[in-house]
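The structure appears right after this line, and notes come after that.
Rule-based calculations on the coordinates, nothing more; no lab input. Since we're looking at a predicted model, the values are computed, not measured. Here Cβ is always computed from backbone atoms with ideal geometry, including for glycine, and neighbour counts include all displayed protein chains.
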Amino acid sequence: MLKRDFILVQIEELAKVITQIISQRNTDAARKIPQLVQGVYNSLKIDREFIMEASLKDIRQALDEEDSGGLQRMEITAKLLVEEAYLYPDKQRDIRTKAKEMLEYIQLHDITFSLERIQMLEELKLQLEG
């Protein structure tokens, strides 16, 4: 139970940072976004290069740590990629494609239902088609 609570607290804290990144996207505070993104990667003990190159199974395994919270961390990572795509217009398609693949993997392996995840997947599909 304590491990599960710890995972939830960690996920909530990372989600707050993602929310902060989203809220600053189109403001004067956007210059802080790269540091916030790097902070999330540091917390997850991974980086974008690893995510972009690794298989989904390897990403989950790296994020599982000792508490098996990899799917939850993977969802945070996918959201981070979606936001990070705005920072790299030249790599936007590849980053969004990886985020979409991660969300589809989570949909397949997670037992929880998430409307937010489904909506994000649909938005990514539309962005990649257009």
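Things worth noting here:
- Entries of Lys16/Lys125; Lys16/Lys57; Lys57/Lys100; Lys16/Lys91 with Cα pairs more than 22 Å apart: Lys16/Lys125; Lys16/Lys57; Lys16/Lys91
- Glu129-Leu87 pseudo-label distance in nm [points 7 Å out on the Cα-to-Cβ vector]: 3.0 nm
- Rounded to the nearest whole Hz, the Karplus-based 3J(HN,Hα) values (6.51 cos²θ - 1.76 cosθ + 1.60, θ = phi - 60°) of the stretch 68-78 follow the sequence 6, x, x, 5, 5, 5, 5, 5, 4, 5, 4, with x at glycine and proline.
- Taken along its principal axes, the alpha carbon cloud of the stretch 57-123 reaches lengths of 35, 25, 15 Å, longest axis first.
- Evaluated over the chain, the Cα radius of gyration and Dmax, each in Å: 14.1, 45
- Only the Cβ atoms of Lys and Arg (+1) and of Asp and Glu (-1) were treated as charged; on that basis the dipole of the chain about its Cα centre amounts to roughly 240 debye.
- Only Lys, Arg, Asp and Glu carry charge here, each on its Cβ (+1 for the first two, -1 for the last two); on that basis the stretch 67-130 has a dipole of about 100 debye about its Cα centre.
- Using bins of 10 Å that start at zero, the share of Cα-Cα pairs per bin across the stretch 18-60 amounts to 27, 42, 27, 5, in whole %.
- log₁₀ of I(q)/I(0) at q = 0.23, 0.25, 0.33 Å⁻¹ - the stretch 89-130, Debye sum with one point per alpha carbon: -0.74, -0.84, -1.16
- Neighbour-count order for Thr27, Thr77, fewest beta carbons within 10 angstrom listed first: Thr27, Thr77
- Helix-derived mean residue ellipticity, 222 nm - over the chain, DSSP H n ≥ 4, -39500 (n - 2.57), to 500: -24500 deg cm²/dmol
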